[in-house]
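Below is one structure, written out as structure tokens, with a few remarks after it.
The values are calculated or read from the model by the stated rules, or taken from the named source; none is laboratory data. None of the values given here were measured: they were computed from a predicted structure. Virtual Cβ from ideal backbone geometry, glycine too; neighbours counted across all protein chains shown. Please note that ligands, DNA and RNA were not included when accessible areas were found on the heavy atoms of the full protein model with its side chains. Shrake-Rupley method; radii C 1.70, N 1.55, O 1.52, S 1.80 Å.
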Amino acid sequence: MTVISVIDLGSNSVRMTVSRYHSDGSYEVLARFQEMVRLSAGMGAEKVLQEEAIKRTITALEKFKQALKAYDPAKLETYAVATAAVRQASNQAEFLTLFKQTMGFELRILTGEEEAHFDYVGIISTFSVNDALILDTGGASSELVLVRNRQAVHAVSLPVGAVNITEAYLERDKVSAAAFFRAVLSLRQLFGDIAWLRESVNMPLIALGGSNRTLAKISRKKRQVQDMPIHGYHMSIAEVAKIYESILAEDLDGRKKMAGLAKERADIIVGGLLPLVEILLFTESQQVIFSQSGLREGFLFEQIMNKTGHQVVSPEPAAMTVDTEDL
């Protein structure tokens, strides 16, 4: 038995999953941790990671490092991957040095293609879907993967996410019609340039990422089914449109009071959900299915398969979960 921890250093949040796997490919989640750090905040056109954002991130990593002391170091493997914020950063080298000084090992920067690949592995290993379009909306990028007959046939990473859409186009308080229109036009042009995206017309959309899962959490509160898991949760396009309309109608204080919407995400949720809404309209999909399995899980599954030679076996329920968005 070996314990493996995977740290996902995203553009909006940093998360860590600690799991124990066995020689037959089975595994169970021991703990999950999350800190909202907004690493990509204020990067601007120069793509510079800001000092305060770096401090927030390093503080979160130090907490994770402390939590890992609970496990036998002889049986612990730790991996860390970074996505769009670090990938795009002009001061990337300085951040990588600081990361290694803090954690004692190297941070792996994923390409957009690798990020999309691990999303696909996380989805295909936990859903029995044959054909679907996968959308992962992060803080500074969004990944799209077209799945046919359970194979990833097309994938792309786009430099748009909850944080940078908001910073580029939208007010953080009450969103104006003019600002919203500019954001919509930008996304429609971006999606329109992806030739293969039309192949996903009428396919189900599988959505992951913190902003997208927030939509499911709001829906659960409205339906009063909070005990229903997010993974596999379904929403119709009509319900998505109704909830998104209610979010757009509120100012920042109003959004902070919405049941299911974490206060830390209230200022970027309009931009964070816009890719999902626009993809649903673009592809004429009638439903969205939400996933809690994505990049971290896909990376974990590949590590387990490489080490054991076995496909991953579905885990037992998590022994402990620490996820501030679900509290």
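Between ASN149 and ARG108, what FRET efficiency comes out of the Förster formula 1/(1 + (r/R0)^6) with R0 = 22 Å and r the beta carbon distance, rounded to 0.05? Mind dumping the intermediate values first?
Numbers: r = 30 Å, r/R0 = 1.37.
Efficiency at R0 = 22 Å is approximately 0.15.
At 1.4 Å probe radius, can you tell me the per residue accessible area of the range 8-57 in Å²?
Working: 1820 Å² over 50 residues.
In whole numbers, the range 8-57 has 36 Å² accessible per residue.
Tabulate in residue order the Karplus-calculated ³J(HN,Hα) for the range 183-194, using 6.51 cos²θ - 1.76 cosθ + 1.60 with θ = phi - 60°, rounded to whole Hz; enter x for Gly and Pro.
Each residue of the range 183-194 in turn: 5, 4, 4, 4, 5, 5, 5, 4, 5, x, 7, 8 Hz.
If only Cα atoms are counted, what is the Rg of the range 112-181, and what is its Dmax, in Å?
Cα only, the range 112-181: 15.0, 43 Å (Rg, Dmax).
Given the rule -39500 (n - 2.57) for each run of at least 4 DSSP H residues, summed and divided by the residues of the chain, what is its mean residue ellipticity at 222 nm, to the nearest 500 deg cm²/dmol? It would help to have the intermediate numbers written out before the result.
On the way: 11 runs with 132 residues, N = 327.
Per the formula, -12500 deg cm²/dmol.
Would you kindly state how much longer the chain becomes between SER128 and ALA67 on full extension, computed as 0.36 nm times their sequence separation minus their alpha carbon distance, in nm to one decimal? Could the numbers behind the result be given before it?
Values: separation 61, 0.36 × 61 = 21.96 nm, distance 3.41 nm.
Between SER128 and ALA67, full extension yields 18.6 nm more.
Name the long-range amide H neighbours of ALA82: under 5 Å, sequence gap of 5 or more, or other chain; modelled H, no Pro or chain starts.
LEU9, ARG108, ILE109, LEU110
Given a Förster distance of 45 Å, report the FRET efficiency between HIS310 and ARG172 from their Cβ-Cβ distance, rounded to the nearest 0.05. Each step should come with its number before you reach the end.
Numbers: r = 47 Å, r/R0 = 1.05.
E between HIS310 and ARG172, to the nearest 0.05, is 0.45.
Compute the distance from the alpha-carbon center of the range 184-200 to that of the range 249-281, in whole Å.
Taking the Cα centre of each part, the range 184-200 and the range 249-281 sit 22 Å apart.
Given a 1.4 angstrom probe, what's the average accessible area per residue across the range 107-223, in square angstrom?
Per-residue accessible area for the range 107-223 comes out at 40 Å².
Have a look at LEU261, MET36, TYR71 and report the one farthest towards the positive end of the charge dipole of the chain, computed about the Cα centre with Cβ charges (Lys/Arg +1, Asp/Glu -1).
LEU261
Looking at the range 139-253, what % of the alpha carbon pairs are farther apart than 23 Å?
So the pairs more than 23 Å apart make up 40 percent of the total in the range 139-253.
In debye, nearest 20: dipole of the range 28-146 around its Cα centre with unit charges on the Cβ of K, R (+) and D, E (-)?
Numbers: 12 positive and 17 negative charges, 104 e Å.
Result for the range 28-146 is approximately 500 debye, rounded to the nearest 20.
Report the relative contact order of the range 5-109, percent, no decimals, based on alpha-carbon pairs under 8 angstrom and at least 6 residues apart. If you can, show how the numbers build up before the last one.
Working: 163 pairs, mean separation 30.1, N = 105.
Over the range 5-109, the number comes to 29 percent.
On the accessible surface of the chain, probed at 1.4 Å, how many percent belong to carbon and sulfur atoms?
Values: 7320 of 14210 Å².
Result for the chain: 52 percent of the exposed heavy-atom area is carbon or sulfur.
Can you tell me which lysines have their Cα less than 30 Å from the Cα of LYS221? Leave out same-chain residues fewer than eight positions away.
LYS174, LYS242, LYS256, LYS257, LYS263
Calculate I(q)/I(0) for the range 186-285 by the Debye formula, one identical point scatterer on each C-alpha and no solvent, and give its log10 at q = 0.15 Å⁻¹ to two decimals.
-0.62
Run through the DSSP bridge list for the chain and note the antiparallel percent, rounded to the nearest 5. Intermediate values should be presented prior to the final figure.
Working: 33 of 51 bridges.
Given both bridge residues lie in the chain, the antiparallel proportion sits at roughly 65 percent.
Using the charge dipole of the range 40-148 (Lys, Arg: +1 at Cβ; Asp, Glu: -1 at Cβ; taken about the Cα centre), state which of VAL129, ALA82, LEU146 has its Cα farthest towards the positive end.
The Cα lying farthest towards the positive end belongs to ALA82.
Could you work out how far apart the two model spin labels at ALA93 and VAL48 are, taking each label as a point 7 Å from the Cα in the direction of the beta carbon, and quote it in nm?
1.7
Between GLU278, GLU28, GLU245, where does the largest GNM mean-square fluctuation fall for the chain, given springs only between Cα atoms within less than 10 Å?
GLU245
Would you calculate the separation in nanometres between label points at ALA249 and VAL225, each defined as 7 Å from the Cα along the Cα-to-beta-carbon direction?
Going from the ALA249 label point to the VAL225 one covers 2.3 nm.
Debye sum, Cα scatterers, the chain, no solvent: what log₁₀ I/I(0) at q = 0.12 1/Å?
Here log10 of I(q) over I(0) equals -0.81.
Using only Cα atoms, what is the ratio of the radius of gyration of the range 56-145 to 2.2 N^0.38 Å?
Output field value: 1.29.
Over the chain, calculate the relative contact order: mean separation of alpha carbon pairs under 8 Å at least 6 apart, over the residue count, as a percent. Let's see the in-between values first.
Values: 647 pairs, mean separation 76.5, N = 327.
Answer for the chain is 23 percent.
Rule-of-thumb check for the range 1-67: C-alpha Rg over 2.2 N^0.38 Å?
Ratio of Cα Rg to 2.2 N^0.38 Å: 1.38.
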